[in-house]
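Below is one structure, written out as structure tokens, with a few remarks after it.
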Amino acid sequence: CLDAGSSDFFKIWACWCSHLYIEGQTLVALGSQQVRFFWIMDNYSTQPKAAVHLNLEFGGGLELLFGSIKSHSVDIPLKSDLEKLKMEHLLVWVKENLLRERSELFMKDKSVRPGVLVLINDCDWELCERLNATLENNDTVVFISTLHGG
């Protein structure tokens, strides 16, 4: 591949090949073995994305919904270095990436179900703006079910 030019936001790549490999996908040229590709891509898409490292803990029976694993050390990707991770985004990420079964027992709409205690660095999330709470690198978020059978 040949770097044919660049600007602050875009790079133009020119390639002469029968296969082109870009960001995890192979584009196969049909017909001639010598095909010229021009590819415009966002510079930022080729750079490592920012991420927030978190420690997540599940207890009170919630761990059963997460493959019986109580503690998870995760890196939550951000769209940019300027973006802040909010609890609302964390819950979506947890639902899409960690939750293995019965999401209705963990979440209701965009929040956790009533009966799930959420602690951010040992502080009740009710005191930290709930879904709008901003999470920082190496924070610990604990989810505990307070509902038990008897």
- [ ] Would you confirm whether any residue within segment 132-140 is of a type in the set (Ser, Thr, Tyr), assigned to a helix (DSSP H, G or I) and either without any contact (Cβ under 8 Å) to a residue 12 or more places away in the chain or surrounded by fewer than 16 Cβ atoms within 10 Å (Cβ to Cβ) (or both)?
- [x] no
TODO: Determine whether Asp81 is over 19 Å from the mean Cα position of the chain (by Cα), assigned by TED's automatic domain parsing to the domain that holds Phe58 and charged (D, E, K, R).
DONE: no
- [ ] Give just the number: which of (1) surrounded by fewer than 16 Cβ atoms within 10 Å (Cβ to Cβ); (2) in contact with a helix residue (DSSP H, G or I) (Cβ under 9 Å, 6 or more places away or on another chain); (3) under 13 Å from Glu57 (Cα atoms) does Ser111 not satisfy?
- [x] (3)
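Please enumerate the residues belonging to segment 54-76 that are among the hydroxyl-bearing types (Ser, Thr, Tyr) and part of a strand (DSSP E or B).
Ser71, Ser73, listed by residue number.
Would you say Ala133 is at pLDDT below 90 and of a type in the set (A, V, I, L, M)? Steps first, please.
On the way: at pLDDT below 90: no; of a type in the set (A, V, I, L, M): yes.
So Ala133 fails the test.
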TODO: Tell me which residues, restricted to segment 114-128, are touching a residue at least 12 places away in the same chain (Cβ under 8 Å), more than 20 Å from Ser68 (Cα to Cα) and surrounded by fewer than 16 Cβ atoms within 10 Å (Cβ to Cβ).
DONE: Asn121, Asp122
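The values are calculated or read from the model by the stated rules, or taken from the named source; none is laboratory data. Fair warning: this is a prediction, and the values are worked out from it, not measured in the lab. Note: ideal-geometry Cβ built from the backbone for every residue, glycine included; neighbour counts use all protein chains shown.
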